[in-house]
Amino acid sequence: MKIVFRNHELEDLANGIGDYMYPLWIAKKYRAVLRIISWMDSIKEIREISWWKAERKKWNRWDQLWIRSNNQRRLILKFQWNEVVVALVWEISKHYE
């Protein structure tokens, strides 16, 4: 699948620039996930990797897939045709405030 980034910050992080903005292991996991996704052909393959705990959202976020980095952070992906758009690395620790 072709990977497209929503902004330059996410693209820089994928290239190893801007790691200081995130914990080091988050940046490493982000790059590892993107590398694996680039080898895949479909959303189904992404969802079959159980240790990612990928969640398909509903309602107004039906086109998003959230992959857990840990209990606090998610990598949010959107799918358009044969492209994966990396939308956000989101911290949800203050999610319910």
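The values are calculated or read from the model by the stated rules, or taken from the named source; none is laboratory data. Just so we're clear, the structure is a prediction, and the values are computed from it rather than from any experiment. Because the Cβ atoms are built from the backbone with ideal geometry, glycine has one as well, and the counts that use them run over all protein chains shown.
Taken together, the residues in segment 63-82 that are closer than 15 Å to residue 32 by Cβ, of a type outside the set (Lys, Arg) and not in a loop (DSSP other than H, G, I, E, B) amount to 3.
Residues that are surrounded by fewer than 17 Cβ atoms within 10 Å (Cβ to Cβ), in a helix (DSSP H, G or I) and of a type in the set (Asp, Glu) do occur in segment 18-36, at least one of them. Across segment 37-51, the qualifying residues are those that are out of contact with any helix residue (DSSP H, G or I) (no Cβ under 7 Å at 6 or more places or on another chain) and of a type in the set (A, V, I, L, M, F, W, C), and the one among them that is surrounded by the fewest Cβ atoms within 10 Å (Cβ to Cβ) is 51. Taking segment 68-93 as the range and being crowded, with 17+ Cβ neighbours inside 10 Å, of a type in the set (A, V, I, L, M, F, W, C) and modelled with pLDDT of 75 or more as the test, the residues that pass are 75, 76, 77, 84, 85, 86.
Close contacts from segment 13-39, counting a first residue that is closer than 15 Å to residue 73 by Cα and a second that is small (Gly, Ala, Ser) and not in a helix (DSSP H, G or I), with Cβ to Cβ under 9 Å and a gap of 6+ residues or different chains, come to 25/69; 26/69; 27/16; 27/18; 29/69; 30/69; 31/16; 33/69.
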